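The next block holds one structure in the form of structure tokens; read it before the comments.
Since every read-out is calculated from the coordinates, none of them should be taken as a lab result. Since the model is a prediction, treat every value here as computed from it, not as a measurement. Glycine gets a Cβ as well: all are built from the backbone with ideal geometry, and neighbour counts include every protein chain shown.
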Amino acid sequence: MTRFVLATVAASTLASAASASFTGYSVERGTTAGGNTRYSVYANFSASNLVFLNAFSFVNVSGTMNARHQDTFVADGEVGTWQAGPSVSSTDRGEDSWVTASGLATSSGWGTALDPGFASGGTVGDINNGAGWYDATPGTANAILAGGTQGGYRMLLMQVVRTGNDAGQASSHSMQLSWKVAGTTTAIFGNGSFDLGVIPAPGAMALLGLAGLAGRRSR
């Protein structure tokens, strides 16, 4: 991973760094072309002119991510990785789970590197506790900057695809991240959590319970 050396910077630069804050993660839920459930996880910021550095110390707080993998890398009898590079077809990429440091919805893979916390080189499965990924070319501004293409000052960090309709499957996760103000060498840190999945509302749970009772009585 690229290391950043703390440097003495002008007061105006320090002020801009102080105002550039991480405001939390957000998740968008959708459906893939194949009818599976897709989650896009974003890191949100309060300012432009930022460069994402890395996500790290991932923690599976509760539940299971149940990530689906479609790329063709094979290791130890498992298929798929968390890094969908340019060799993966656009169709497979849309049905695949991956992480990104480029912020691109296509997950081009350019500049995205997995840290050693990923078991077996980042092969198929859920993200391991303690794992992370980083931008191997942080000197280049990435998708936090302009905001227009992502909708606000946000950075796409991962796509998680679950097979079929995952209603009732829920999981919670947390991770830390770092970024810098473009043109500086000082890393800034933040942390937060996000949820995947849909839990039925209390009213729906009650209806499910009544349906179960009705089913037993009919038998």
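Charged neighbours of Gly94, selected by a Cβ distance under 14 Å, balance to 0 (K, R count +1; D, E count -1).
So what's the net charge close to Val161: Lys and Arg +1, Asp and Glu -1, counting the other residues with Cβ under 15 Å from its Cβ? Every neighbour counted, the sum reads -2.
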